[in-house]
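Sharing a structure with you now.
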Amino acid sequence: MPMAIELQDITKVYDDGDQPVLSHVNMSVNDGEFFVIVGPSGCGKSTLLRMIAGLISISSGKLFINGTQANDLPPKDRKLSMVFQSYALFPFMNVYDNVAFGLKARKMSEKEVKDRVDHALDMVNLTKFAKRKPRALSGGQRQRVALARAIASDAKVCLMDEPLSNLDAQLRARMRLELRDLQKKLGLTVIYVTHDQVEAMTMADRVMVLHDHKVQQLDTPINIYKNPKNEFVAQFFGTPQINLLSANFSNREFKINNSFSLPVRRQFDDGQYTIGIRPNEFNVEVTQKGSNARTREVSYLGDKTVATAEILDGGQIVRLVLNNQVDIAEDNLIKITGAKQFYVFDSKTGEVLFNEREANLNATITAE
Amino acid sequence: MQMTNDRVAPVSAGSRRLKKVGKYLLLIILMFIVVSPFLLGFWTSFLPTAAISKGALWGKLSFDNYVAAVTTTPILRYLFNSLVISLFTMIAQLLFCSMSAYAFVFLRFKYRKFLFYVFLATMMLPFEAEVIPNFMTVRDMGLLDHFAVMIVPFMTTAFGTFMLRQSFMQMPKELKEASDIEGLNHWQFYYKVTLPYAKISMVTLGAYSFLSSWNQYLWPMLTTFSDNFRPVQDGLRQLQSQETFNNWGMIQASAAIVVLPTLIVLFIGQHYFKA
Amino acid sequence: MQQSLQNKAANESSNLKLKANSTTASKSKDGWYVALFLGPSLLLLGIFVFYPMLKTFYLSMFLTNNVGKATTFVGFSNYLSLLKNPAYLSSLGATLIYVLAVSALTVIIGLLLAVAANQQLKGIKIFRTLFSSTMGVSVSVAAIFWLFVFNPSVGVLSQLSTALHLPVINWLTDPTFAMIAIIISTVWMNLGFTFLILFGALQAVPTSLYEAADIAGVSKTTQLFKITIPMISPTMFFVLIVTLIEAFKSFGLIDMMTAGGPNNATNLLVYRIYQDAFLNGNFAQASTESIILTVIIAIFTLIQFKLLGKRVNY
């Protein structure tokens with residue numbers, strides 16, 4: 001597949017700082033791909049997008065757009081469009097003029113401008129609103145105008161900087177689908193920046209996770225969820241968050257406390273590790289007999305139950321997601337019998353060491 | 001002294017009304033303090049001068065003083081001069097202040113901070129203390145007694161630059177980024193985006209610069225000598241100090257002619273801004 | 001106007017972050033644009049602000065001939081002789097009295113107008129408009145209005161005195177009363193602007209404060225002194241400084257109403273500069289006076305900047 005965008009060892013250091021904002025980013029985006037860059041605020045994801053756009057200079061490394069090196073290309077010659085979180089609409093222009101803005105700046109003929117704007121507005125269902133000013137539109141409509149601007153530009157690559165973050169939750173969910181639809185229909189290559197892991201999971205062909213100015217992992221959403229490379233990635237994806245429990249390894253088992261240990265077949269050096277278990281991957285029974293945990297908060301969400309429980313003896317708190325067969329209330333004694341899957345992380349570096357996927361693993365319950 | 005809450009327990013209707021009357025009374029007294037010089041001026045502008053000089057505040061009302069002012073004095077010419085001077089000063093200030101403000105917000109260059117402080121420093125230097133060398137400068141430039149002498153030195157101000165800079169800094173940076181992606185250069189971004197975006201600040205600065213130019217007194221007094229260029233402030237000074245000294249009716253009419261346009265603009269402007 | 005300036009200054013700090021990021025890749029071409037955008041203003045300020053300031057300072061160190069050319073270098077002796085000159089010192093004293101009286105009265109009466117206009121009454125808008133009306137009055141018009149009021153033969157005040165069998169005051173020919181007359185006129189001119197700014201500040205005080213005070217049973221008078229005035233005191237101080245600076249620069253009213261008289265009683269700093277330079281041809285002395293005026297105004301402007309800076313954190 002032809003590569004639309006390729007980054008080799010891209011690094012950004014600001015003039016006034018010695019710490020790099022981004023270091024050694026390598027990635028390539030395929031033609032027609034929906035590529036999501038995700039990370040918490042301050043991780044450098046917006047900076048990265050702006051380097052691709054040409055709005056911020058690249059300190060070192062190489063950027064290729066459609067096979068040609070583009071480090072010093074001015075933004076307008078990179079043949080890409082950009083959609084911003086704040087929409088970046090010109091408040092004094094109506095919808096039509098906002099969409100036509102870039103086309104006019106590129107000295108296109110009047111007729112072509114009109115054709116393109118009409119088409120773009122049609123694509124986002126805003127034809128009726130062409131004469132309105134942005135302030136007379138709702139948040140979702142404003143975002144559609146911004147999308148129409150990108151569509152009208154006819155650029156095959158579209159950069160999106162948290163385009164849905166200013167919308168309310170319901171609208172955001174709907175726009176996710178619409179956006180994805182539009183991208184497929186137009187065959188756009190999208191590089192999409194967000195801090196929202198749900199957006200990354202639901203929309204992306206591939207996801208790049210940024211944290212601490214470095215790339216943490218680059219893979220398909222499902223692989224990232226299933227095989228996180230480190231504690232950060234494991235924690236970042238999935239709601240409720242993965243449980244991270246510190247454990248001691250000896251005698252072929254990870255001992256979380258006296259009442260809770262996980263046996264493994266592989267051998268590890270004796271010492272301290274971090275165990276990661278997703279909330280929905282615990283095996284739980286509601287029983288007094290042999291119970292090893294006590295529930296604290298329980299909320300029923302219809303199709304499932306979300307709870308926190310305190311492991312008896314030691315007091316570590318775990319988050320649980322249970323299907324509705326299990327009937328529990330607050331302050332119940334329960335018995336955690338094992339985990340369908342768990343991860344072992346190096347307690348110092350956070351790197352994943354071991355991904356135990358066999359479902360038949362059982363916790364050894366040693367509590368009386 | 002915020003609004004009085006009428007819900008305050010069992011106050012009788014009578015005492016409430018009394019309170020209200022008291023409030024209006026206070027407002028009316030204050031209003032009289034503020035507007036009585038106007039009222040007096042306007043009123044006497046309709047009285048015959050003969051009556052005024054006798055100390056009478058009554059007489060036959062007429063527009064005679066206005067007719068006399070317009071026909072026997074260059075008051076309309078003064079108004080025209082002031083209009084020309086203030087308009088050109090305003091346009092020049094809007095242009096140059098917005099340009100320098102743009103530079104301070106959107107351009108990167110060496111000594112940017114230093115130059116900005118240099119601009120700010122000029123706000124500490126009163127023009128009144130610089131009239132001597134400035135007079136020599138415009139004399140050497142051959143600008144004396146001409147419109148230009150009242151426009152050129154005031155074509156830019158640090159205050160205007162500072163004010164527009166604040167306004168430009170409010171612009172979301174994404175607007176600049178979106179324009180960069182479309183390939184707008186600085187000049188295009190300046191007049192296609194920045195100026196329309198900061199429209200309200202531009203209007204405010206425009207009104208301010210127009211009024212300051214209109215109210216100039218010392219400088220035109222030093223630099224204009226003929227009725228062809230004399231602005232209205234010094235025109236009134238001229239009328240008041242010269243042959244017409246005792247023709248109070250006509251002087252008041254001239255003052256009224258001068259003040260009415262600005263008052264009307266002020267009232268309309270207030271209505272517009274509040275709405 | 002200044003009001004909006006303050007608000008904008010308050011937002012400044014939050015926007016400073018923005019600038020660090022907005023560096024575009026096309027940095028190299030900015031040079032020409034700097035010349036284009038900044039050049040005209042820099043040139044104008046250079047010619048009409050900085051050069052004259054330096055020139056004025058230069059002239060203040062020399063003796064000058066009658067066309068203003070520097071002849072003999074005398075160092076700071078112009079300053080020394082000026083500060084020993086009783087006429088100048090009395091001018092300085094008169095200016096101080098004038099400035100203090102004008103700014104104090106302007107703020108107090110302006111506040112009174114603002115508080116009175118900040119009530120919910122039918123037709124209050126008409127009063128608000130009228131209270132701000134002196135903003136539309138220029139110096140010469142104000143001077144004509146007040147010359148008529150103070151006129152000894154036809155003026156309203158003297159007629160009123162006669163009618164009430166009180167002694168007639170020679171407003172503009174008695175040194176003390178001439179000063180009072182120009183103070184009254186200046187305060188009146190300032191009222192419109194001051195009213196607008198203070199009224200704006202009053203409207204910005206959250207009504208919940210008054211509601212809480214009402215519930216606690218605090219009287220309206222106490223509310224004025226314990227809530228209203230403390231809440232708007234930064235604006236009051238700001239207006240005070242602006243008025244102070246403007247008062248130091250007063251010229252027009254004096255020129256038209258008293259011409260510095262009688263007996264130099266109203267010969268304030270700027271009027272004296274004008275007289276010394278353009279009527280007496282003593283450019284060296286006028287320059288020295290200009291520098292002293294500049295120093296005074298610079299000090300108050302710095303206080304004003306400090307104030308603006310403070311509002312950022314406010």
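Read-outs: derived from the displayed coordinates by stated rules, not from any lab. In this text, all values refer to a predicted model and were calculated from it rather than measured experimentally. Note: ideal-geometry Cβ built from the backbone for every residue, glycine included; neighbour counts use all protein chains shown.
Translational D (Stokes-Einstein, µm²/s) of the protein assembly as shown at 25 °C and 0.890 mPa s when Rh comes from the Kirkwood sum over C-alpha pairs? All intermediate terms of the calculation are to be shown ahead of the outcome.
Details: Rh = 34.1 Å.
For the chosen part, D equals 72 µm²/s.
How many nm is it between the label spots at C:Lys306 and A:Thr349, if each spot is 7 Å from the Cα in line with the beta carbon?
5.8
Here's another thing I want to ask about it. Over the Cα atoms of the stretch A:167-274, what radius of gyration and what Dmax do you get, in Å?
Answer for the stretch A:167-274, Rg first and Dmax second: 18.7, 58 Å.
Any idea how far apart A:Gln19 and A:Lys104 come out in nm if each label point goes 7 Å out from Cα toward Cβ?
Here the modelled spin labels are 4.4 nm apart.
Span-like helices, chain C: DSSP H, alpha-carbon axial extent 27 Å or more, mean Kyte-Doolittle -0.5 or greater, which ones? Please list the in-between numbers first.
On the way: long enough: C:2-21 (29 Å, -1.26); C:86-117 (45 Å, 2.02); C:175-203 (41 Å, 1.69); C:229-248 (28 Å, 1.95); C:283-313 (45 Å, 1.10).
Answer set is C:86-117, C:175-203, C:229-248, C:283-313.
Sticking to Cα atoms, compute the Rg of the stretch C:155-211 to one decimal and its Dmax as the biggest Cα-Cα distance, whole number, in Å.
Cα radius of gyration and Dmax of the stretch C:155-211 are 18.8, 53 Å respectively.
Next up: When only Cα pairs under 8 Å and 6 or more residues apart are kept, what is the percent relative contact order across the stretch C:106-221? All intermediate terms of the calculation are to be shown ahead of the outcome.
Numbers: 92 pairs, mean separation 45.0, N = 116.
Relative contact order comes out at 39 percent.
Taking other Cβ within 10 Å of each residue's Cβ, how do B:Met202, B:Met99 sort, fewest first? Mind showing how you got there, number by number?
Working: B:Met202 20, B:Met99 23.
So the ranking, lowest neighbour count to highest, is B:Met202, B:Met99.
Moving on. Over all residues in B:113-120, what is the mean tally of Cβ atoms on other chains that come within 10 Å of each residue's Cβ?
On the way: counts 0, 0, 4, 0, 0, 5, 5, 2.
Mean shielding count: 2.
Using a Förster distance of 41 angstrom, determine the FRET efficiency expected from the C-beta separation of B:Lys110 and A:Lys114, and round it to 0.05.
Working: r = 45 Å, r/R0 = 1.10.
Efficiency at R0 = 41 Å is approximately 0.35.
What relative contact order, as a whole-number percentage, does the stretch A:171-223 give when Cα pairs under 8 Å and 6 or more residues apart are counted?
Values: 38 pairs, mean separation 13.3, N = 53.
This gives 25 percent for the stretch A:171-223.
Report, to the nearest 10°, how far helix A:139-152 tilts away from the longest principal axis of the Cα atoms in chain A, using its own Cα long axis and a range of 0 to 90°.
60
Then there is this: Quick check: Cα centre of the stretch B:40-77 to Cα centre of the stretch B:101-131, how many Å?
48
Looking at the P(r) of chain A, how many percent of alpha-carbon pairs lie beyond 25 Å?
Numbers: 41721 of 67528 pairs.
Counting pairs separated by more than 25 Å, the tail of P(r) holds 62 percent.
Counting each pair of different Cα atoms once, what's the Kirkwood radius of the stretch B:1-150 in Å, rounded to one decimal?
Numbers: mean 1/r = 0.0439 Å⁻¹.
22.8 Å is the Kirkwood radius here.
Listing A:Asp303, A:Asp72 from the residue with the fewest other Cβ atoms within 10 Å to the one with the most, what is the order? Before the final figure, lay out each step's value.
Details: A:Asp303 7, A:Asp72 13.
Placing the least packed residue first, the sequence is A:Asp303, A:Asp72.
How crowded by other chains is A:72-85, given as the mean number of beta carbons from other chains within 10 Å of each beta carbon?
On the way: counts 3, 1, 8, 11, 8, 1, 2, 0, 1, 3, 6, 2, 6, 2.
So the per-residue partner count for this stretch is 4.
What is the extension gain from A:Thr68 to A:Ala169, computed as 0.36 nm multiplied by their sequence separation minus the C-alpha to C-alpha distance, in nm to one decimal?
Value of the extension gain: 32.4 nm.
Pop a pseudo-label 7 angstrom from the Cα along the beta-carbon direction at both B:Trp187 and B:Lys23 and give the gap in nm to one decimal.
5.9
Determine, from the Cβ-Cβ distance of C:Leu209 and C:Gln120 and an R0 of 22 Å, the FRET efficiency 1/(1 + (r/R0)^6), rounded to the nearest 0.05. List each step's numbers first, then the result.
Working: r = 16 Å, r/R0 = 0.74.
About 0.85, to the nearest 0.05.
With a 10 Å radius around each residue's Cβ, average the other Cβ atoms per peptide and rank B:177-185, C:55-63, A:163-171, B:158-166, highest first. Numbers along the way, then the final one.
Numbers: B:177-185: 22.2, C:55-63: 20.0, A:163-171: 15.6, B:158-166: 24.1.
Averaged packing, sorted descending, gives the order B:158-166, B:177-185, C:55-63, A:163-171.
Fewest first, what order do C:His165, A:His211, B:His271 take by the number of other Cβ atoms within 10 Å?
In order of increasing Cβ crowding within 10 Å: C:His165, B:His271, A:His211.
Name the most mobile residue of A:Gly67, A:Gly302, A:Gly102, meaning the one with the largest mean-square fluctuation, in a Gaussian network model of chain A with Cα contacts below 10 Å.
Judging by the Gaussian network model, the answer is A:Gly302.
Extension gain A:Lys133-A:Arg265, at 0.36 nm per residue separation less the Cα-Cα distance, in nm?
Details: separation 132, 0.36 × 132 = 47.52 nm, distance 6.58 nm.
Separation in residues times 0.36 nm, less the Cα-Cα distance, equals 40.9 nm.
Which peptide among A:186-195, C:206-215 comes first, and what is the full order, when sorted by highest mean count of other Cβ atoms within 10 Å? Mind showing how you got there, number by number?
Values: A:186-195: 21.7, C:206-215: 12.8.
Per-residue Cβ counts within 10 Å, averaged per peptide and sorted highest first, yield A:186-195, C:206-215.
Which cross-chain or sequence-distant (5 or more) residues have an amide H under 5 Å from the amide H of A:Gln216, H modelled 1.01 Å from N in plane?
So A:Gln216 has HN proximity to A:Val209, A:Leu210, A:His211.
Ok, one more. Sort the following peptides by mean Cβ neighbour count (other Cβ atoms within 10 Å, averaged over residues), highest first: C:183-193, C:77-87, B:186-196. Present the calculation step by step, with values, prior to reporting the outcome.
Working: C:183-193: 23.1, C:77-87: 13.5, B:186-196: 18.2.
Result, highest mean first: C:183-193, B:186-196, C:77-87.
What average count of beta carbons from other chains do you get within 10 Å of the Cβ of residues in C:125-133? Working shown, then result.
On the way: counts 3, 2, 6, 3, 6, 8, 6, 4, 10.
Mean shielding by partner chains, rounded to a whole number: 5.
Among A:Val286, A:Val117, A:Val29, determine the one that fluctuates most according to a GNM of chain A built with springs between C-alpha atoms less than 10 Å apart.
A:Val286
To continue, here is another question. What do the square roots of 5 times the Cα gyration tensor eigenvalues come to for chain C, in whole Å, largest first, as semi-axes of the equivalent ellipsoid?
Working: eigenvalues 281, 253, 56 Å².
Ellipsoid semi-axes (Å, largest first): 38, 36, 17.
In terms of the ratio Rg/(2.2 N^0.38 Å) built on C-alpha atoms, what value belongs to the stretch B:74-243?
Details: Rg = 18.7 Å, N = 170, 2.2 N^0.38 = 15.5 Å.
Rounded to two decimals, the normalised Rg is 1.21.
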